[in-house]
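The values are calculated or read from the model by the stated rules, or taken from the named source; none is laboratory data. It should be emphasised that the depicted structure is a prediction, and the values quoted were computed from it without experimental measurement. In this analysis, Cβ positions are derived from the backbone assuming ideal geometry, glycine residues included, and neighbour counts consider all displayed protein chains.
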Amino acid sequence: MDAHAIDLPDGRLFVGGVWEEGTGAEIVSIFPADGSVNRVLRGASIADGERAIARAKAAQADPAWRRLKSHERARFLHRIADGIEANVERIAFIQTRDTGKTLRETRALAASAAGTFRYYGAVLETSDDLATVQRGDALTLSLHEPIGLVAAITPWNSPIASDAQKVAPALAAGNAVLLKPASWSPLVALELARIVEAAGLPAGLFSVLPGAGSEIGNLLVEHPDIGRVSFTGGTSTGRALARKAAEKLMPISLELGGKSPTIVFADADMDVALAGVLFGIFSSTGQSCIAGSRLFVERSIHDGFVERLVAATRKLKVGHPFDPATQVAPLVHPTHRDSVAAYVQLARNEGAEVLCGGAAPEGPAYDGGAYYLPTILAGVANTARICREEVFGPVLVVIPFDDEADVIAQANDNDYGLACGLWTRDFPRAMRVGRAIRAGTVWVNTYKQFSISTPFGGDGESGLGREKGREGLRAYMTQKSVYHDLSGAPHPWAGEAIR
């Protein structure tokens, strides 16, 4: 398939199973590699959102869906997975145009999304409710039922994979799902809607509503018919949404920011550690909540390791996302590139030494694009702002450490708690340090490896709750206890009153 011949989604929204022109504010999707316009569309208005919610409520209440047996719902998820797999090249092209990620990465994200739908189809086939231990004259059951209407709010950095991680378990649980993608990357979610429709999912159970968070995001969180929200994005927005959810006493999961430590001990395999550190911070152009943005290197090897790291970083291929050789593609938007550059200038003001990068690349190949060179900073303490705040770009800070106690204290001295990477040949040390680090995920001698079967989430400013895994299905369900009397006798409390 010639990727350049692929038509982008036409910009209509998927409102409760109906393709409609949005009536909200204008959204301009650009190609970050050169600034050209992909599509101009109208986002969802409050009225569009209200209409989608009304259609979702009717569809989810229909016994034809709500009472569908688990293995029958699983068929829809498998058909969606088939549709994604049949359209990997199309999805990858659309997402690359939307986000600037390399085609190599967007192909992998599309394949991951298909795997997520297929996994939750399999979970449905093997998920049982429980008969709890009987402690009286009643059969006691613990049952799980759909919540009803679920909202999924996803970020711009990995939309198809993030969408799937929310939509697949929510549909598997029997809910209707309203998806709000980020305004910087609306197109791939609309392509997902086309695939979901083609899979035969009953109309109304899925909507895609790109639009302003201040309008559509708030509507989805505040609306009385929405029973759960799953949000991935910035910490300040997540905190605001959590306050709104608390007013409704509504469950919400929040996958937020990170300032993840990566730690290289003196006994590590240096080649493995170098490759892992480079991948951890510079893949996805650093636009990842789990990016390993704080590097701690044991003092005895610090200078030699950093010298090799800088040399390797300078060799990374910064280029067009359609070039198969590209390792570092453009950032998602010029505004975001400027934010990253401002953080590097802040670090300079704090006394940081720029070991490499620290600027946009020059030359005609980069004209009009939102490019920024992979950057390594040194010479600042862990207390500097560049070490405290999420940059969300290809910027790494290197800090030496002396021993386990020192690096554990420094790594944990941060408001975030999302991920951590460790490089060491000492298995007991890896277990000690990994258990001591406050993080939802710890990688040992690797980084950014994922499995849909393994829970993911963070602590502290990195969020609330977990996604993925078998329990990821239960998160989109409500639990009900049932007591079925087996004695057949009147309750003795009534006594003579019933005789």
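Give the range 403-431 a look and list any residue that's closer than 19 Å to ILE281 by Cβ and either of a type outside the set (Val, Ile, Thr) or more than 30 Å from the chain's Cα centre (by Cα) (or both), or say none.
GLN410, ALA411, ASN414, TYR416, GLY417, LEU418, ALA419, CYS420, GLY421, LEU422, TRP423
Identify, by number, the condition in (1) small (Gly, Ala, Ser); (2) touching a residue at least 60 places away in the same chain (Cβ under 8 Å); (3) within 19 Å of GLY465 (Cα to Cα) that ALA246 doesn't meet.
(2) is the only condition that ALA246 fails.
Filter the range 357-402 down to the residues that are part of a helix (DSSP H, G or I) and closer than 14 Å to SER293 by Cα and list them by number.
ARG385, ILE386, CYS387, ARG388
To keep it simple, each residue is scored yes or no on (1) under 27 Å from PHE93 (Cα atoms); (2) modelled with pLDDT of 95 or more; (3) not in a helix (DSSP H, G or I).
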{"position": "LEU274", "(1), (2), (3)": "no, yes, no"}
{"position": "PHE282", "(1), (2), (3)": "yes, yes, no"}
{"position": "GLY304", "(1), (2), (3)": "no, yes, no"}
{"position": "PRO324", "(1), (2), (3)": "yes, yes, yes"}
{"position": "HIS336", "(1), (2), (3)": "yes, yes, no"}
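Please determine whether any residue of the range 356-378 is buried (at least 21 other Cβ atoms within 10 Å of the Cβ) and aromatic (Phe, Trp, Tyr).
yes
Kindly provide the set of residues from the range 290-300 that are in contact with a strand residue (DSSP E or B) (Cβ under 7 Å, 6 or more places away or on another chain) and either part of a helix (DSSP H, G or I) or under 21 Å from ARG104 (Cα atoms) (or both), ordered by number.
Within the range 290-300, ILE290, GLY292, ARG299 qualify.
Condition first: crowded, with 23+ Cβ neighbours inside 10 Å and either free of Cβ contacts under 8 Å to residues at least 40 places away in the same chain or hydroxyl-bearing (Ser, Thr, Tyr) (or both). Now tell me which residues in the range 193-220 satisfy that.
Result: SER207, single match.
For residues that are in contact with a strand residue (DSSP E or B) (Cβ under 9 Å, 6 or more places away or on another chain) and of a type in the set (A, V, I, L, M, F, W, C), scanning just the range 19-38, find the one that is surrounded by the fewest Cβ atoms within 10 Å (Cβ to Cβ).
VAL37
May I ask you to list the residues in the range 172-199 that are touching a strand residue (DSSP E or B) at 6+ places or on another chain (Cβ under 6 Å) and in a helix (DSSP H, G or I)?
Answer for the range 172-199, where residues must be touching a strand residue (DSSP E or B) at 6+ places or on another chain (Cβ under 6 Å) and in a helix (DSSP H, G or I): LEU187, ALA189, LEU190, ALA193, VAL196.
Please note which helices (runs of 4 or more DSSP H) are completely contained in the range 17-121 and include at least 3 residues that are at pLDDT 95 or above and small (Gly, Ala, Ser). So that I can check it myself, show each step before the final result.
Details: elements: 46-61, 63-66, 70-86, 88-99.
Correct list: 46-61, 70-86.
Among what's in the range 133-153 and is touching a residue at least 24 places away in the same chain (Cβ under 8 Å) and more than 24 Å from ILE252 (Cβ to Cβ), pick the residue that is farthest from the chain's Cα centre (by Cα).
ASP137
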